[in-house]
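All remarks here apply to the structure that follows.
The values are calculated or read from the model by the stated rules, or taken from the named source; none is laboratory data. Treat the numbers as computed from the prediction; the structure is a model and nothing was measured. Note: ideal-geometry Cβ built from the backbone for every residue, glycine included; neighbour counts use all protein chains shown.
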């Protein structure tokens, strides 16, 4: 893959990457998701991050400082994630 660092190439191949969080936070999340529909800490963290990113993108859409092209890209991303 021309133009990518080795780390970016790994991410593109696997479609996932590793993010480090403190063990204490991991354990708190693990305890919190017991008896919920979440099957892993990774699944929960992915859900939370998607929600936060979608909220941030919605806020950005509502601001007057973005172009129409950028609005279209954000709306497309939100649709692909299933939020619209």
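When only residues in the range 1-30 that are within 16 Å of the chain's Cα centre (by Cα) and surrounded by 10 or more Cβ atoms within 10 Å (Cβ to Cβ) count, which is modelled with the highest pLDDT? Applying the filter and picking the extreme gives 21. Taking residues in the range 62-84 that are within 15 Å of residue 49 (Cα to Cα), and partners anywhere that are exposed (fewer than 13 other Cβ atoms within 10 Å of the Cβ) and modelled with pLDDT under 75, the pairs with Cβ atoms closer than 8 Å and at least 6 places apart or on different chains are 78/84.
Test residue 33 against the stated conditions and say whether it is over 16 Å from the mean Cα position of the chain (by Cα), surrounded by 14 or more Cβ atoms within 10 Å (Cβ to Cβ) and at pLDDT 95 or above. For residue 33, the condition - over 16 Å from the mean Cα position of the chain (by Cα), surrounded by 14 or more Cβ atoms within 10 Å (Cβ to Cβ) and at pLDDT 95 or above - is met.
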